[in-house]
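Input: a single structure, listed below in structure tokens.
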Amino acid sequence: MQKELFCTTSRIVFGPGTLNDIGTELRRLGATKVCIVTDPGVMSTGIIERLTTVLEAAELGVCLYDQVQADPPFELVDQTVEIVKEHGADAIVGIGGGSSLDMAKITGAMATNPGSVSEYFGIDLLPNPGLPTILIPTTAGTGSEVTPIVILSDNTEQLKKGVVSSHLYPACALLDPELTLGLPPKVTAATGMDALIHAIEAYTSKNATPMSDLLAKEAMRLIYANIRTAYANGENIEGRTNMLRGAMLAGMAFANAGVTAVHAFAYPIGAQFHIPHGIANTIMLVPVMQFNMLGNLDRFADIADFFGQPTEGLSQRAKAQVTVDALIELASDLQVPQHLSEYGVTHDHVPNLAENVLKVTRLLANNPRKLLLDDAISIYTAAV
């Protein structure tokens, strides 16, 4: 039997209205001046004004970086670290989607570690703990608030790269479903599919454990049962709460079991064509699952049951296909694109993309089926 290891964020505060607890949580950490890391989209919602009011009421100093981009290039980290040092911030608050949370985590880390972030792409290379960080997701998607992973873009190589270190776990994750109520349907769909895929890949990963399985199963159940409601009626607080909880559980699962080839295939197309991450994953999901199915047939079949699909009397292969068909229907209901051609990808791009996906060895190591160049070409071709 393989040795099992499970880690996650040490303190999680969950529930409607918990944004108001941020001052107390920062005081617990001994913070005196906070750098908020966020993006222009969140700035436009009024959430940052609410956050700043709470921080000032707690008599905490505040500085702000609000220019996080989607799929941020790693060079951006120098800007955020400069602001932290210039203002003497001793804690970081990341608020927004996955890119903002990732930027907050790596900002805190690089404020105390030497050199360029590019030196730390890989696993367990950060030597020092970072500044204490609190993460507040405004989407039910990446689960970044409970993972030790930061994903940044290397635009020169047209690849997304990861920094993985236990030093990247935040000191606290604060999850307030009320902050997701204004999320547009398209963003709800894309981020929700990303979270669902996290759970699917964690469950079918070669490194899955009984602990990660518990989390992945509940995440799949919650997300599949609530994503249509959250998409169609974004003000439904129960649906939003269940989605945020599901995304968090999926994050815990994949932080320990790892994601697999769906995310690996999404990285090159996200970096080169700037396809939003959740959409890139959704487009690649079915072709990759069709390929991976033989590598872990029982588990792909199990997922149909977690989705509540009728499977009585079916073979494991037929049940696994029910899983795939349910995901095709779900993506259609959510109006998430399912073809790369909608983003300008053609068959001429496939050979280069296939070569690049094989470089994503950190994720392909978890995949339930060994993948060769010809397989990668076939999978991308099916997705075009």
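Assuming 0.36 nm per residue, please report the length gained on full extension of the stretch Val62 to Glu329 beyond their Cα-Cα distance.
Computed gain between Val62 and Glu329 is 91.6 nm.
Using DSSP to define loop residues, name the GluC sites (Glu not before Pro) in the range 199-249 whose beta-carbon has at most 11 other beta-carbon atoms within 10 Å.
Taking the range 199-249 and a limit of 11 other Cβ atoms within 10 Å, the loop GluC sites (Glu not before Pro) found are Glu235.
Could you order the peptides 91-104, 335-348 from most to least packed, using the average number of other C-beta atoms within 10 Å per residue?
91-104, 335-348
I need the peptides 58-65, 118-125 ranked by packing, meaning the mean over residues of other C-beta atoms within 10 angstrom, with the highest value on top.
Averaged packing, sorted descending, gives the order 58-65, 118-125.
Can you work out the Karplus-derived ³J(HN,Hα) for every residue in the range 64-72? Use 6.51 cos²θ - 1.76 cosθ + 1.60 with θ = phi - 60°, whole Hz, and x for glycine or proline.
9, 10, 10, 10, 5, 9, 5, 6, x
In square nanometres and to one decimal, what's the mean projected area of the convex hull around the Cα atoms of the range 143-250?
If I average the Cα hull's projected area over directions, I get 7.9 nm².
Provide the three semi-axes, in whole Å and in decreasing order, of the ellipsoid equivalent to the chain as defined by the square roots of 5 times the Cα gyration tensor eigenvalues.
Ellipsoid semi-axes (Å, largest first): 33, 23, 19.
Can you give the FRET efficiency to the nearest 0.05 for Glu312 and Thr361, using r as the Cβ-Cβ distance and R₀ = 41 Å?
That pair, Glu312 with Thr361, gives E of 0.50.
What is the local net charge at Val34, summed over the other residues whose Cβ is closer than 12 Å to its Cβ (Lys, Arg +1; Asp, Glu -1)?
Here the count lands on -2.
Taking the Cβ of each residue in His198, His263 as the centre, tally the other Cβ atoms inside 10 Å and list the residues starting with the fewest.
The fewest-first ordering by Cβ neighbours comes to His263, His198.
Work out the P(r) tail for the range 12-180: percent of alpha carbon pairs separated by more than 25 Å, whole number.
22 percent
Over all pairs of distinct alpha carbons, what does the Kirkwood formula give as the hydrodynamic radius of the range 185-383, in Å?
Computed over the range 185-383, the radius equals 16.6 Å.
Take the alpha-carbon centre of the range 181-250, take the same for the range 275-318, and report the distance between them in whole Å.
Cα centroid to Cα centroid, the span is 15 Å.
Once amide H atoms are built 1.01 Å from N in the peptide plane, which residues 5 or more positions from Phe14, or in another chain, come under 5 Å H to H?
Result for Phe14 returns Leu175.
Taken together, the values in this text are just the output of simple stated rules run on the coordinates, not laboratory data. These figures come from a predicted structure and were not determined experimentally. Neighbour counts are summed over all protein chains in view; Cβ atoms, including those assigned to glycine, are modelled from backbone coordinates with ideal geometry.
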